[in-house]
Structure formats: C-alpha cells, structure tokens
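These notes concern the structure reproduced below.
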Amino acid sequence: MVDLESEVPPLPPRYRFRDLLLGDQGWQNDDRVQIEFYMNENTFKERLKLFFIKNQRSSLRIRLFNFSLKLLSCLLYIIRVLLDDPTQGYTCKELNWGCSSQNYTPENINWSPIIWVNRSLPLWGLQVSVALISLFETMLLSYLSYKGNIWEQILRIPFLLEIINAVPFIITIFWPALRNLFIPVFLNCWLAKHALENMINDLHRAIQRTQSAMFNQVLILISTLLCLIFTCICGIQHLERAGNKLTLFDSLYFCIVTFSTVGFGDVTPKIWPSKLLVVIMICVALVVLPIQFEQLAYLWMERQKSGGNYSRHRAQTEKHVVLCVSSLKIDLLMDFLNEFYAHPRLQDYYVVILCPTEMDAQVRRVLQIPMWSQRVIYLQGSALKDQDLLRAKMDDAEACFILSSRCEVDRTAADHQTILRAWAVKDFAPNCPLYVQILKPENKFHIKFADHVVCEEEFKYAMLALNCICPATSTLITLLVHTSRGQTAPWEAFRQLTGTKQTLTREGQQSPEQWQKMYGRCSGNEVYHINLEESTFFAEYEGKSFTYASFHAHKKFGVCLIGVRREDNKNILLNPGPRYTMSSTDICFYINITKEENSAFKKQEENRKNNESKACYHGPSRLPVHSIIASMGTVAIDLQDTGCRSSSGPTLALPSEGSKGGRRPSIAPVLEVADSSSLQTCDLLSDQSEDEITPSDDETSAGSEYAKGYPPYSPYIGSSPTFCHLLHEKVPFCCLRLDKGCQHNYYEDAKAYGFKNKLIIVAAETAGNGLYNFIVPLRAYYRPKKELNPIVLLLDNPPDMHFLDAICWFPMVYYMVGSIDNLDDLLRCGVTFAANMVVVDKESTMSAEEDYMADAKTIVNVQTLFRLFSSLSIITELTHPANMRFMQFRAKDCYSLALSKLEKKEREKGSNLAFMFRLPFAAGRVFSISMLDTLLYQSFVKDYMISITRLLLGLDTTPGSGFLCSMKITEDDLWIRTYARLYQKLCSSSGDIPIGIYRTESQKLTTSESQISISVEEWEDTKDTKEQMNYRSNHRNSTSSDQSDHPLLRRKSMQWARRLSRKVPKHSGKTAEKISQQRMNLYRRSERQELAELVKNRMKHLGLSTAGYDEMNDHQNTLSYILINPSPDTRLELNDVVYLIRPDPLAYVPNTAPSRKNSFCNTVGQDTREETQL
C-alpha cells in the first residue's frame, strides 16, 4: 500500500486548496490558458438584445406592452374626436395666418378644420407621453436590430409610421402654438396590427407549440379588414370636417355601406379630398383583401387535406378510436367502418384516421356522406410526430388500430414502419390499448407489448393448410369473424330481434334457392361469451361435464358451446373434454345467431306443438321454430378431394346385426359427470393408436421412422411450440430437393417417390418464415401417421439455409425451384396426382398502378391450371377480395351470371359480405387475407376472438384445449339420421363437439341438355317429372338438399338464373339457349381433349408416366356449402363432412398398459355397437 501511495503524483499547485486561498506564484509559469466563454454577451448592447429580442418571454412582454400603447393611442384619438366641436373657432389665428370665416364651396375648400383640431391640455399630455414612449422603444429596437444598413431600418414602413405619429407630438412640446395641429394618430392601428402578429409568433415560441398557420392567417385577415375600416372611418370623418361634418357613427355607416357594395347614397362625401380617400381605400381593399382571402382559402384547403385537430373538449366528453395507416384505400376504410359500427354500443364512438398521405378522392367522397361525416375525422399526419398524435388526442383515445400496408413490394420495410408507429404511440400514450397488424412473423416479437396482435402470414398459411384437410376452413373462419347483415331493417332493430323475425333481415332472402336462403339468413353467426351463473343457456349445467352441457344446450336452445375459461386463468380451452366440470364462475364461449342478451325464449308447449305438427322432415324450410332460431346458417363451398383420408379414420359404429331386424338403433346418453370406465372407451389417443392396429410391414417401418416432439428449430422468434410428427434424424438438405437426385436417392420427380397419399403442393414466390406455419398444422401430433400428405413447396426462388434447418425435421416435406407458369415444373412436382394445390399471392405483384390489377397474373395462372387439370382442387390467395369473381371464370355460365346479379343486389342493400354468394368463395377455393382484417376490429369488442381463432387454426396449443378436425359420413354412418343424434353420439363416445356440416350437391344440368334432339329433351322433362313424384313418395323424410340433387329442381334453378340474366322467358328462347348450351358442351369437351393431349405429350417428353392423369374427371359442376351449427333436426347425408373440435389427446392418458390399449383399440368398434342397442 505504501508503494502504491508513493506512486500517486501530487496535485498541481493550481488545484490545491491552500494555494487557491493564499495564492502561489509557481502555477503562473504554467503554459495552460484560462478561457472565458460567451464574452460577447456581456456587453451592454447584447444584454439589451437578449432582453428585448432573444429572450422569448421578455420579448413577448415587450411586444404586448407595445401593442397596448398602440391601442391606447387609437383610443385617445377617438376620445379627441368625440370631444372636438367643429363649429368652434380654430387656433390658426395664434400664428397670425390670415383665416377668414367665409363660406367655402367644394371647389374652394376651407382647410382650417382639416389642419387644426381642438385638443385639450390633459389629452395632449397623454398623447405626448404615449408618443415619447413609442418613439423611444422604436429607436431602441432599431438600434438593437441594426445589421450595418441604416437605410434598411429607416425605410421600413413601421418605422416611417412611427415617425409620422410620434415626432409631431414631440415638436409641440417645444412649439406650443402647434399643440392643436392635426396628427393622423389613427394610423397607429397598422402598427398595432404589426405588433399583434409579432406577439402571436412570440407566444407560440414561448409555450413551445407549433403555431397554426390557419389561425395566423385568419388573424391577419381580420386585423387587416379592421384596420382598413378604421382608417377609412377616421379619414372620412376628419376630411368631412370641412364638408358635411360627419360624426364617427355616420362615417362608420358610410364605410360599411360602401365596402359592402350596397351604396344607399344617403351619406356621401362632399369635398374632393374625401372622395379621393374613398377611391384610395377602395383600391387598397381591392388589392389587399383578395390576396388575404386567397391565402386564407389556400390554407383552408390545406387544412381540409390535413384534417385539422380533434378538439380536446370533444376528446374529454366523447369516446374515439384512432386508426393509423400508411395509405388509406376505400376498401380498407369501408371494411373498418362497417365492422366497427356493426356493434350497437359503438354507435356513439368517433373514428379519427391518422394517415401521412393526402386523402384519396374516393375516400373524400365517402367521408362527405352524412352518415360518416359526423363520425369520421381524417387527419393528415404521422404517428411518429408527437404534435400529430396530440392533434388526434391519442392519450384520450379508447384504442389505437395500427394497420400495415400489405400492398408494399417490400413487406419487411412495411413491418418496420408499423413497429415504429407502435413504439411511438406507446411512448406518447402508454395507457392507450394497441391493436396492431403485422405482416411477417419474425417481426412480431418487437410488438409483444401490444394488447392484440394479428400476424398476417401466420394466419394465412395456417388457414390455407387447414383448407387442405378441413375443406373451406378459410370460408368458415371468415364468416365467423365477420358481421353479415342486410338493410331490410335498421341495425339496432335487427340486433334486438330474434327467431324468425331476425331471419328476414339476412342476405339472400329473395333467392328461390334453398341453400342461398339458409346461407344468407344465418351468415351473421358469431362467437359470443357469457358468465355461466348469469346465463339462461348454461346456468343449469353447473357441476356437470362440459360435453353434457354442450350437447343439452344445443338440444334445448340450439347454441353450440365450444369453449370455457376459468375465472383465475387467462387461457381459453376449446372443448376441454368430458372430464371438465362446469363452474359458476366460468366464462362460456358459444356460437349462435345472436348473443343471449338479445334472445327471446318461447315456452316449451309452443315448441312441442310445433314438433308434433311437423313430425316429418322436409328440409330446413319446414323445421320447428326453435330449430330455425337455432340454425347457424350455411356456407356454400365445393367438396375437395378427401379420398386421401384413410378408411380407418374417424367413423361411427353401426348397430349390431341382431338389432337390424328389430328395434331401431339408439345411442348411449351423455353422462352428466365423466365416468372413468367410459373415459377409457373414449380415449382420445385412439386416433393416434390407429397406426398400431394390425400394422403392415411398410407401416411398421414408416412408423418407426417418426417420433413425436417439439420441432428443435424455429425459423423466427415468437412461434408457438407445437407437438408434431418429426423424424429421428434430420434429412440432409440435398434430399429435400424434389427434382434433383443426390447420393442418398436418385429420384427426380414426385412420381418416382411412390407416395401412398396424394400430394399437397404450395406455389409461393419465396420460402418466407410464415410458410413454416403451413407445415406445422399438417404435421401436428394428432394427425394419424398414415394420413400425412407429402408436402411439396414449389418456389420461384431457392430457400435459404435457416428455413431448410427448420423443415428438415418434418417427414415428407420437399421443395422444388420452379413456377406455376411452367407446365414442366408443374408436372415434375406431381400436379397430376395432387390432392390440393395452394397458390400463394406473390409479394412482387401485390402493388399495381391500377387498382385491383395486382392479382392479374395470379388469376390468369390459376385459370390455366383450372383448364389443364380440371380435377385438381386449387386454393388461391388474392390481394383484393373483389377479384374472386374472376376465379374459374366462365363467361357464358348462366348460374354464375345469376349469382353476379344477386351479389350486386345485396351490395345495393348494404351487405357487408356481398361476395359471399360467389361460388369460388363459397367453395373455399379463394381466400384473401384482407378478409381477416375484421378479426382485429372485432377484438375491440370481443377480446377473445384472436385467441379462439389461433386455437382453431392450430397456431396456439394450450394444454387441455382441443383442436379442429373433420370426419366423413359414410354409408355405415347413415343410421345416425339427424345432427342431434350425431351430436349425442360424438359427445357420449369420443367427447367431440361438432360445429358444422360440409355438404356437397350436384350442380349438373338435366341429362336432356347433353342431347341434340329437342323432342328427346322434352320427353326427358316428362320422365324427370314422373320420377320426381315417385322419388317424393318413397323418400318423405329427405331434406331439401336431397331434392335439389334432382334434375327438376335444378331446372327450376336454371330458370331462375335465366330470369335474373334477363333472358326471354319464352319457349323459343329457352330452346335456343339449350341448343347453345349443348354446342358449348361439345366445344368444351373437344377443347378439354386437346388440353389433355398437350399435358400427356409433355409428360411423355419428360419421361413421366401418364397413368393417373384423368383428363375427363371433372368435379367443377358441384355445389357445396357448410351448415354452421345446424338445427338438431337436420338430416345427415352421404359424404357429409362433419367439423369437430376434438379434445386434447394429451389432456389425460388411460391407465391401462400398452398391450391392453392395443387390444382395446381392436374392440372399440364392437363395444360401441353394443352400446348403441336399447
């Protein structure tokens, strides 16, 4: 320590306290120099300049004092005029100037009243004092602002006016004879105007706020107008002292009448100086005022573009939300407004739009509509500027919606802008709830602080993936998150109505098609929530199992209970299973046509009478009233290829052979409380154990290659971990390339791999991180191993290494560099035996100079695929939903034209989902992510919607929460008969909750239309009619969908289509149209054969086998739709696909040994058959 202290050098003499006190001569020899800064401000002039000019607050006080002096001088002038009497003698005699009292004509003017005035001594003293102070201040400010050019200071107009008004008063101090000399003190009003402008500028600087150009311009205009009028009033009054001797009021009256161009003529100037002054003032007004008005109009237009401000008083008394967007398009605006104001409690909210771009012409026209002009306020500004956020009163807003610009070519840059906006809003208003839309999943973790986040690519790819295994999932989700309604009744009344009255307000009610009526009537079905103890639907099921509550609530009220949430837990559980016991504090989530608070309940006796009077089922149009109220609606979709599903998939057990000849089969009741023995028989892991039921050698080898676990590598931060089927070892990157062989395999096309299941092809531009969410749902652990479809990624650009690291652990996932523009690439990737082909919208084509042209290339490419491979199920993503009418376009198809006219009618009525009747959307073949914008908007009222949607799509996997899947109704399952019995069967056996039915009908025309002879066609009409009568007599219990398959009803539908298409309803016109249709069929068939030959030739050229290519297989003439939560009386039909929410298989595991489990799985079918017997 001593050595260390000895090494410390002593302080220099300058820094020792003793030397600072006593002084030391040694430091003076130091070469360092002491510097004092800002010495120039220590001078007297700089200190004065700092006080009078530089300092904002002191300068503001000086200018306020100067403004007060000018106003005081004008006030003293008015007092002098009021006290002056023109009839008294004038003081010119004191100067011994010859003044006579003779009368003067207008040509011979008496100048004495103009030159001399009566000014009392006290008034003179006050005016002299004001003049001295004003002159001293002016000279001082001129001295302080002097910059080397004295003439620049002297020739300024304010300085000249100050000299004219102040120097004569100072002269009268030394020459008392001039005390009554007239001095134009009223010109000080212009100096007051100048001081006011400077004062306002200093005021804005002092309070640290940006001055309003509009406010300043209005102030300048008003002050200029007042100064002109005041100058004219005082000038005319003084000059007319030698004429009409007008008072100040008479002069004011004359100026107002003259400047307003009225000109009564009762008061006019008599002498030429007055007339000259009037001419001068009018000329000045004609020059100055238009300039001021022009500037004011320009600023007003600019303010209209920028939107002005949202007043603080309104923000404190009214509720408002802020919408931040990069660019505002009419479609985005109308989607937001229609969805936001669809909720009754939001009718009094204001919407403040904050956008950095100028308002579009279409948006301007819409916002001028009275319905929106009173609610929507457009502000042009940036969310990154605090002053713009202050204009929008962001700190008082109820919520802030930040939307990304999906039309940008660089979507990463668009996300970066969104992130900065979210950070800026959170920094400015930390308590304002944030609803953020992000495009790419890798950017999501930057905005995890937001209250609600919707990642576009996550939802998009997960929805497209589920479309391949659960047809039309995109249509199902879109309808659930939309609020669909008609305009046949006010919205408030519509929300209050229930039952059959409510169905009259839905879309499609004017259509004769049954599926369109049901589809439109129930298209507004949504997810609602309610506390169990406050609910009429679910209160009686406290202490009962979840499946028991769901089944009986659907049976009694027609509502579908899909999930719950504990009071002490934030996680929502979809179908937690039969072991879950309902508690009084649970929050129940259910699907219904309206929320319980808006429902009316009828007595049981009425429902029972309705059931007795309608014992036979003749379709949904003749269902009991309570069933119609409970009906959730239909969604028309097209049946996609489900042939890839294994025959050992989810099926329902048949009754035993012994019971077929006796009693009708029955179904076991749903237990109120889960029984351990019954839970074993409904073990949800049985689906996973299907792979172990009598496996073949190939299945055993394939199953041994797979394991279940969490993916070891995620391509982005924030992805939800999902339990998946994985490989024991990752595949080398070279083996992931489908079209090129490597040292591990020599396959160069999809056919060579010999896949047992059909392919799922994804055509995308780049392998973005969001594509990872397409693979995960298709490889989830609850998917049976033998039902896994190979996935081929057809990419325009090669993927990067980190994406390959993420997908190399998944089984049967390959990629290929190619494009859907190239037929050879399509054939190599196996399009001829693919189950589904997903065409993802390309980022490079999302923006176009002309609106809606961004989808042109995608639409044409898909149309080519549609013509070449007619049996291929193509799922397309579009940028603009309005372009879905071009998908699978048929110019002369009458049915499509009729649907087009129906869409236009619904749009005129104000439907929010006018495109819902378009067959491509109804079939689930087209999807636009902009349809899911309403998911973010609905979260403002329903904060659980994003969580429920993520659980349905498999983006989140909450322990104990179920997942969305489907099962197909086969001939062996038709003994179930109705949807209510299906509900009971599923709840009592496997614990599944059905939420809808996917149904397919034939859309083909009558067989007579394929023939040339008209007489044969007419004979077929008669024959079809007779067959229809026999069909009705033999099948009285069939539904309307059964009847719609028959040619007669289809012919009636075609007649309706022709009527909407404005065809001539005569027999000759009908015959000509049918002949034209026959010719088109023949032409289309020959054209299809030519296309088939083209495809086969290319396949032979590439060395591919043409086996499996069915060029004539056409599934395009089918019509499919979804019955979302149908009524309990709905009849099941063959090939119906039932949508299920299946409990989590990992929620509980049977206690039996594996060997017993296998043996049990072999006897599940037999046990179930025994249960169904009475």
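The values are calculated or read from the model by the stated rules, or taken from the named source; none is laboratory data. Small disclaimer: the values here were computed from a predicted structure and weren't measured. Quick reminder, even Gly has a Cβ in these numbers, built from the backbone with ideal geometry, and neighbours come from all protein chains shown. Heads up: the accessible areas ignore ligands, DNA and RNA and are worked out on the full protein's heavy atoms, side chains in. Shrake-Rupley method; radii C 1.70, N 1.55, O 1.52, S 1.80 Å.
Per-residue answers, yes or no, for (1) modelled with pLDDT under 85; (2) outside any helix (DSSP H, G or I); (3) buried (at least 18 other Cβ atoms within 10 Å of the Cβ):
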position	(1), (2), (3)
Val130	no, no, yes
Ser134	no, no, yes
Ile163	no, no, no
Val167	no, no, no
Leu187	no, no, yes
Lys193	no, no, yes
Leu203	yes, no, no
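Quick grid of which residues meet (1) touching a helix residue (DSSP H, G or I) at 6+ places or on another chain (Cβ under 7 Å); (2) over 27 Å from Phe723 (Cβ atoms):
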position	(1), (2)
Met884	yes, yes
Phe921	yes, yes
Gly962	no, no
Glu971	no, yes
Tyr979	no, yes
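Which of the residues spanning region 729-778 are open to solvent by 50 Å² or more (accessible area, probe 1.4 Å) and in contact with a Phe, Trp or Tyr (Cβ under 8 Å, 6 or more places away or on another chain)? I'd like the intermediate steps shown before the answer.
Step one: list which residues in region 729-778 are open to solvent by 50 Å² or more (accessible area, probe 1.4 Å), which gives 729-730, 732-734, 740, 743-744, 746-748, 751, 754, 756, 758, 766.
Lys730, Tyr747, Lys751, Lys758, listed by residue number.
Identify, by number, the condition in (1) over 15 Å from Ile78 (Cα atoms); (2) touching an Asp or Glu at 6+ places or on another chain (Cβ under 8 Å) that Ser251 doesn't meet.
(1)
Could you tell me whether region 270-286 includes any residue that is closer than 26 Å to Met301 by Cα and surrounded by 16 or more Cβ atoms within 10 Å (Cβ to Cβ)?
Looking for residues that are closer than 26 Å to Met301 by Cα and surrounded by 16 or more Cβ atoms within 10 Å (Cβ to Cβ), one finds at least one in region 270-286, hence yes.
How many residues does region 173-185 hold that are crowded, with 16+ Cβ neighbours inside 10 Å and in a helix (DSSP H, G or I)?
Within region 173-185, residues that are crowded, with 16+ Cβ neighbours inside 10 Å and in a helix (DSSP H, G or I) number 2.
Taking region 928-944 as the search range and keeping residues that are in a helix (DSSP H, G or I) and among the aliphatic types (A, V, I, L, M), which one is farthest from Ile875 (Cα to Cα)? Give the derivation first.
Pass one, region 928-944, residues in a helix (DSSP H, G or I): 929-938.
Checking which are among the aliphatic types (A, V, I, L, M) leaves us with 929, 931-932, 935-936.
Details: Ile929: 13, Met931: 15, Leu932: 17, Leu935: 21, Leu936: 24 Å.
Result: Leu936.
Residue-wise test of (1) touching a Gly at 6+ places or on another chain (Cβ under 6 Å); (2) in a helix (DSSP H, G or I); (3) without any contact (Cβ under 8 Å) to a residue 12 or more places away in the chain.
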{"residue": "Tyr378", "(1), (2), (3)": "yes, no, no"}
{"residue": "Ser382", "(1), (2), (3)": "no, no, no"}
{"residue": "Asp395", "(1), (2), (3)": "no, yes, no"}
{"residue": "Ala424", "(1), (2), (3)": "no, yes, no"}
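Return a yes/no flag: does region 905-914 have any residue that is at pLDDT below 90, over 24 Å from the mean Cα position of the chain (by Cα) and surrounded by fewer than 22 Cβ atoms within 10 Å (Cβ to Cβ).
Taking region 905-914 first, the residues at pLDDT below 90 are 905-914.
Cutting the leftovers down to over 24 Å from the mean Cα position of the chain (by Cα) gives us 905.
Narrowing the set further to residues that are surrounded by fewer than 22 Cβ atoms within 10 Å (Cβ to Cβ) leaves 905.
Scanning region 905-914 turns up at least one residue that is at pLDDT below 90, over 24 Å from the mean Cα position of the chain (by Cα) and surrounded by fewer than 22 Cβ atoms within 10 Å (Cβ to Cβ).
Taking into account only those residues within region 700-743 that are of a type in the set (A, V, I, L, M) and outside any loop (DSSP other than H, G, I, E, B), which is modelled with the lowest pLDDT?
Initial filter on region 700-743 (of a type in the set (A, V, I, L, M)): 702, 707, 717, 726-727, 731, 736, 738.
So of that shortlist, the ones also outside any loop (DSSP other than H, G, I, E, B) come out as 702, 707, 726-727, 736.
Numbers: Ala702: 49, Ala707: 87, Leu726: 91, Leu727: 90, Leu736: 88.
Among those that are of a type in the set (A, V, I, L, M) and outside any loop (DSSP other than H, G, I, E, B), it is Ala702.
Taking region 743-798 only, how many residues are closer than 19 Å to Leu865 by Cβ and more than 40 Å from the chain's Cα centre (by Cα)?
Counting residues in region 743-798 that are closer than 19 Å to Leu865 by Cβ and more than 40 Å from the chain's Cα centre (by Cα) gives 3.
Which of the residues spanning region 744-778 are acidic (Asp, Glu) and modelled with pLDDT of 80 or more? First the steps, then the outcome.
Filtering region 744-778 for residues acidic (Asp, Glu) gives 748-749, 765.
Of everything in region 744-778, just one residue is acidic (Asp, Glu) and modelled with pLDDT of 80 or more, namely Glu765.
Going by the conditions given, is Ala315 under 19 Å from the mean Cα position of the chain (by Cα) and modelled with pLDDT under 85?
Details: under 19 Å from the mean Cα position of the chain (by Cα): no; modelled with pLDDT under 85: yes.
When the stated conditions are applied, Ala315 does not pass them.
Can you tell me which residues in region 1116-1144 are in a loop (DSSP other than H, G, I, E, B), touching a helix residue (DSSP H, G or I) at 6+ places or on another chain (Cβ under 8 Å) and not polar (S, T, N, Q)?
Across region 1116-1144, the qualifying residues are Pro1126, Pro1128, Asp1129, Leu1132, Glu1133, Leu1134.
Among the residues of region 52-94 satisfying the criterion of being modelled with pLDDT under 70 and in a helix (DSSP H, G or I), which is nearest to Val128 (Cα to Cα)?
Within region 52-94, the subset modelled with pLDDT under 70 is 86-94.
Narrowing further to those that are in a helix (DSSP H, G or I): 91-94.
Details: Thr91: 19, Cys92: 21, Lys93: 23, Glu94: 21 Å.
Among those residues, the one meeting the criterion is Thr91.
Determine if region 108-119 includes at least one residue that is open to solvent by 60 Å² or more (accessible area, probe 1.4 Å), at pLDDT 85 or above, more than 60 Å from the chain's Cα centre (by Cα) and farther than 30 Å from Arg47 by Cα. Break it down into steps so the answer makes sense when it comes.
Of the residues in region 108-119, the ones open to solvent by 60 Å² or more (accessible area, probe 1.4 Å) are 108, 111, 115.
Checking which are at pLDDT 85 or above leaves us with 115.
Then drop every residue that is not more than 60 Å from the chain's Cα centre (by Cα), which leaves 115.
From the residues that got through so far, the ones that are farther than 30 Å from Arg47 by Cα too are 115.
Among the residues of region 108-119, at least one is open to solvent by 60 Å² or more (accessible area, probe 1.4 Å), at pLDDT 85 or above, more than 60 Å from the chain's Cα centre (by Cα) and farther than 30 Å from Arg47 by Cα, which makes the answer yes.
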